[in-house]
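What follows is calculated from the coordinates using simple rules that are stated; it is not laboratory data. Model, not experiment: these values are computed from the prediction. Cβ coordinates were reconstructed from backbone atoms using ideal geometry, including for glycine residues, and neighbour counts include every protein chain displayed.
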Amino acid sequence: MKQYRAYAKVNIFLKITAKRGLYHEILSRFVLVNDLYDILSFVPKEADGFVIDGSFSCQTEQNTIYKAYLALLEATQAESLERLMTSHAIKVDKSIPAFAGLGGGSSDAATYLLMCNEVLHLGLSRDALATIGTKVGADVPFFIYGYQSANVSGIGEVVKAFDEPALDIQTFTPNIEISTPKVYQEFRAHFYQELDDQEYNDLAGMPSHEVLRRYTPQRANDLFAPALALYPELKQHHKEGWFFSGSGSSFFTLK
């Protein structure tokens, strides 16, 4: 059966722009990493229940793919979807590290939604799938749209393509499991500072390679300082010319 690639992403920059209840609004440049991806496919199964065939540390109920299934089922009430997952498992060959700031879980969920839409001929638009994806995770809409580079704002639901040549990105992920909620809590408690309008506009229009030339890793990513405060061992892995993606623990640079 057909295989689908779920690509990783990095955040060229990630700035907090406001608070929205318990959430934070952001402005970020998401860029796909074209040589790092999970591979998803449907495979026949005999076991009962929803089956994810892959190397995951979480229970099925906590997996983003299962959450995407529930969100899609709620939105469509498609009996064909239930039949598909009764007769087939979703097989995931993992290459994207977990808890790494590379969007692996969100990319898997988005790819699953796209697969179901194609295989079952559900006829949902990208916008409709992105709306469903927001119920799974803030980064899912970016992967639904499939842009090589995009400005992402709101709490992740506003995705606008950014026209620039594809970047050749190298990533490094130390063996440090980082809690994204804890990093955001640390940011809110000790590092909170909203982005001013001038810098917002400058960043939104600045090519990614220019951001990486002008900005330090700490200035480019508002979550780097709180992550360092919570996980000081990150300092041992940070090298000159490398930037921090998302809430970590991955670093990246241009090849």
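Of the residues Thr131, Thr171, the one with the fewest other Cβ atoms within 10 Å heads the list, and the complete ranking is Thr131, Thr171. As a proxy for reagent exposure, ranking Glu240, Glu61, Glu199 by other Cβ atoms within 10 Å from fewest up yields Glu240, Glu61, Glu199.
Computed from the Cβ-Cβ distance with R0 of 25 Å, the FRET efficiency linking Thr253 to Lys94 stands at 0.60. Ranking Pro181, Ser249, Ile155 by how far each Cα lies toward the positive end of the dipole of the stretch 147-255 (charges on Cβ) leaves Ser249 at the top. The distance separating the Cα centre of the stretch 51-66 from that of the stretch 95-167 comes to 18 Å.
Based only on other Cβ atoms within 10 Å, what is the fewest-to-most ordering of Thr64, Thr76?
Working: Thr64 23, Thr76 18.
The fewest-first ordering by Cβ neighbours comes to Thr76, Thr64.
Calculate how steeply helix 64-76 sits against the longest principal axis of the alpha-carbon atoms of the chain, using the helix alpha-carbon long axis, and give the answer as 0 to 90 degrees to the nearest 10. Taking Cα atoms only, the helix is inclined about 60 degrees. Comparing His88, His121, His24 in a Gaussian network model of the chain where C-alpha atoms under 10 Å apart are linked, the largest mean-square fluctuation is found at His121. Rounded to the nearest 10 degrees, the inclination of helix 104-119 to the longest alpha-carbon principal axis of the chain is 40 degrees. For the stretch 4-254, the residue among Ser95, Ala75, Gly49 whose Cα projects farthest onto the positive side of the dipole built from Cβ charges is Ser95.
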